[in-house]
1. List every residue pair whose Cβ atoms sit under 7 Å apart, with the two residues 6 or more apart in sequence or on different chains, where the first one lies in the stretch B:17-35 and is outside any helix (DSSP H, G or I) and the second, anywhere, is basic (Lys, Arg) and crowded, with 21+ Cβ neighbours inside 10 Å.
2. Can you confirm whether the stretch B:22-29 contains a residue that is open to solvent by 50 Å² or more (accessible area, probe 1.4 Å), among the polar types (S, T, N, Q) and either in the same structural domain as residue B:131 (by TED's automatic domain parsing) or within 28 Å of residue B:242 (Cβ to Cβ) (or both)?
3. Just to be sure before I move on: is residue B:182 part of a helix (DSSP H, G or I) and outside the structural domain of residue B:12 (by TED's automatic domain parsing) in the structure I sent?
4. From the list A:281, A:204, which residue is touching a strand residue (DSSP E or B) at 6+ places or on another chain (Cβ under 9 Å), part of a helix (DSSP H, G or I) and buried (at least 16 other Cβ atoms within 10 Å of the Cβ)?
5. Scanning the stretch B:67-91 for residues that are more than 18 Å from residue B:36 (Cβ to Cβ) and in contact with a Ser or Thr (Cβ under 7 Å, 6 or more places away or on another chain), which turns out surrounded by the most Cβ atoms within 10 Å (Cβ to Cβ)?
6. Please list, ordered by first then second residue, the pairs with beta carbon atoms under 9 Å, 6 or more apart or interchain, first in the stretch B:250-264 and at the interface with another protein chain (Cβ under 7 Å from one of its Cβ atoms), second of a type in the set (Lys, Arg) and part of a helix (DSSP H, G or I).
7. Considering only residues that are part of a helix (DSSP H, G or I) and crowded, with 18+ Cβ neighbours inside 10 Å, which ones fall in the stretch B:251-264?
8. From the list A:231, A:227, which residue is facing chain B (nearest Cβ under 9 Å) and surrounded by fewer than 24 Cβ atoms within 10 Å (Cβ to Cβ)?
2 protein chains.
Amino acid sequence: MQLGFAGMGIMGSAMARNLLRAGHAVSVWNRTASKCEPLAAEGAAVAASLPELARAADIVFICVADTPDVEAVLFGPQGLVEGLGPGKIVVDHSTISPEATVAFAERVNALGAAYLDAPVSGGETGAINATLTIMVGGEAAVLEQVRPYLAAMGRSIVHCGPQGSGQKVKAVNQVICALNILATSEGMLLAKRMGLDLEVVHRVVSSGAAASWMLSNLGPKMIANDFAPGFMIKLQAKDLRIAAASIEALGGGLPGTALTHRLFDEAVAAGLGEQGTQGLVNLLGWNEA
Amino acid sequence: MQLGFAGMGIMGSAMARNLLRAGHAVSVWNRTASKCEPLAAEGAAVAASLPELARAADIVFICVADTPDVEAVLFGPQGLVEGLGPGKIVVDHSTISPEATVAFAERVNALGAAYLDAPVSGGETGAINATLTIMVGGEAAVLEQVRPYLAAMGRSIVHCGPQGSGQKVKAVNQVICALNILATSEGMLLAKRMGLDLEVVHRVVSSGAAASWMLSNLGPKMIANDFAPGFMIKLQAKDLRIAAASIEALGGGLPGTALTHRLFDEAVAAGLGEQGTQGLVNLLGWNEA
């Protein structure tokens with residue numbers, strides 16, 4: 001089985017590397033070709049174009065930033081579709097619009113190729129350690145064909161429903177994450193303003209009903225004034241924009257998500273976009289507290 | 001050592017029962033005296049008045065609903081202060097205003113008695129099972145005198161700082177809890193509106209960065225349309241009112257907490273006050289989704 005991988009960013013390169021290390025034949029492509037070099041040094045073939053990548057591969061994985069990027073990779077001039085046909089499978093790991101995903105899948109299916117949306121959760125660490133959660137939308141039989149390769153990149157591979165369902169579950173995930181980040185930010189900021197011992201507060205509140213992954217993982221970074229990115233504010237803002245569009249289409253009325261969407265956009269506008277999501281406390285005045 | 005306990009509500013009666021079962025001599029008091037009967041049947045003495053309770057006890061525990069209730073128990077006509085004096089200790093387990101707590105503590109200290117604020121987290125289950133987290137503000141030496149009795153009621157007993165600090169940490173805890181409840185509510189509601197399999201969504205998002213105590217504990221109740229109270233909406237609203245007053249005094253600017261305060265107040269106004277906090281989804285339109 002020949003594999004192709006389009007998108008050698010932080011996530012894509014780590015995921016493609018895990019496919020290589022599992023012994024698979026992998027061709028890679030990136031818009032900026034130089035980013036393929038580390039993978040080439042580890043044994044990947046480098047495709048000169050997306051049509052070539054699609055022609056060489058039975059399964060093409062995509063991991064790029066946003067909805068227009070997936071659209072360009074698939075359907076742009078010199079896009080994957082020029083090399084896609086019956087028997088081939090496209091697996092999109094990007095986090096993009098569920099509605100656009102359904103349209104993309106239909107266009108790919110019309111060429112005789114299969115399509116799965118398969119956004120991931122777990123960040124750079126999860127990508128490197130192959131411990132990602134992979135949320136899959138599409139036909140269960142296609143997922144079973146692809147599962148051995150997904151298992152080289154992630155630990156939990158969950159079939160969520162028909163095409164677009166992986167993106168929908170990812171949107172739900174990001175809505176919850178964003179509000180839990182805000183919870184951690186406001187709680188820690190209030191503790192700081194109250195003059196409390198932050199280590200003690202963090203230990204106490206983490207032990208009970210206020211516990212969350214975000215409190216456990218981001219709280220200590222806030223206390224240490226460590227704003228290096230695990231997951232960047234600008235990407236959380238993008239994911240909230242995608243969720244907000246879905247929410248709007250369903251009638252709106254999720255006030256907490258509307259608030260976090262506005263706050264993460266404000267954080268980007270304030271120049272905090274490259275900080276980790278714990279940097280949301282900086283928008284709220286952490287260093288004036 | 002003679003113990004007194006004022007307030008035989010859900011929490012107070014369970015906590016006093018654990019003191020009795022640990023072999024301590026306990027006198028109890030409640031505004032509605034009939035609520036003392038179950039404890040009397042298990043061996044507690046019933047005090048005819050708060051001054052009598054204070055005179056009979058070396059340590060008086062209080063567990064009532066709100067700031068004015070604690071004020072009335074301490075300083076009202078026929079209040080505890082009429083029986084307090086040197087060598088006695090007051091321990092307030094209620095969740096009330098940190099600022100009022102400091103004032104109450106000063107007035108009690110002026111009589112020669114010691115004062116600890118010691119709000120609890122863990123709900124009715126924690127009170128029954130003696131697994132409460134107890135957040136203590138006041139002198140460390142006084143806490144050490146009281147610790148053996150607190151250990152009969154809770155599992156984690158944490159000294160948070162001077163008088164008022166227990167209430168401050170509790171306010172931080174409730175700010176985080178409220179936003180995590182909103183996160184769970186909006187995430188599950190979005191999943192329902194999207195037509196996703198709620199069991200699958202809950203399992204997937206609980207396994208990663210969206211994980212929280214609230215998602216694990218309240219998500220399944222939402223799916224089951226079980227709105228019976230673990231912790232009532234009206235009490236969460238009261239705790240947010242207390243936190244909001246502290247935040248306001250510190251300059252404001254916590255938009256997520258302001259939003260949850262407004263939403264929990266709206267839920268009470270909508271008649272949802274006696275539901276568990278998972279009932280916040282009902283304010284957002286759970287059964288129209």
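The values are calculated or read from the model by the stated rules, or taken from the named source; none is laboratory data. Only a predicted model underlies this, so the values are computations on that prediction, with no experimental measurement involved. Here Cβ is always computed from backbone atoms with ideal geometry, including for glycine, and neighbour counts include all displayed protein chains. Side chains included, ligands, DNA and RNA excluded: accessible areas come from the protein's heavy atoms. Shrake-Rupley method; radii C 1.70, N 1.55, O 1.52, S 1.80 Å.
1. Between residues of the stretch B:17-35 that are outside any helix (DSSP H, G or I) and residues that are basic (Lys, Arg) and crowded, with 21+ Cβ neighbours inside 10 Å, there is no close pair.
2. For the stretch B:22-29, residues open to solvent by 50 Å² or more (accessible area, probe 1.4 Å), among the polar types (S, T, N, Q) and either in the same structural domain as residue B:131 (by TED's automatic domain parsing) or within 28 Å of residue B:242 (Cβ to Cβ) (or both): absent.
3. Yes, satisfied.
4. Exactly one of A:281, A:204 is touching a strand residue (DSSP E or B) at 6+ places or on another chain (Cβ under 9 Å), part of a helix (DSSP H, G or I) and buried (at least 16 other Cβ atoms within 10 Å of the Cβ), namely A:204.
5. By that ranking, first place goes to B:70.
6. Close Cβ pairs (under 9 Å, with a partner that is of a type in the set (Lys, Arg) and part of a helix (DSSP H, G or I)) amount to B:250/A:193; B:255/A:262.
7. B:256, B:257, B:259, B:260, B:261, B:263, B:264
8. After ruling out the rest, the residue left standing is A:231.
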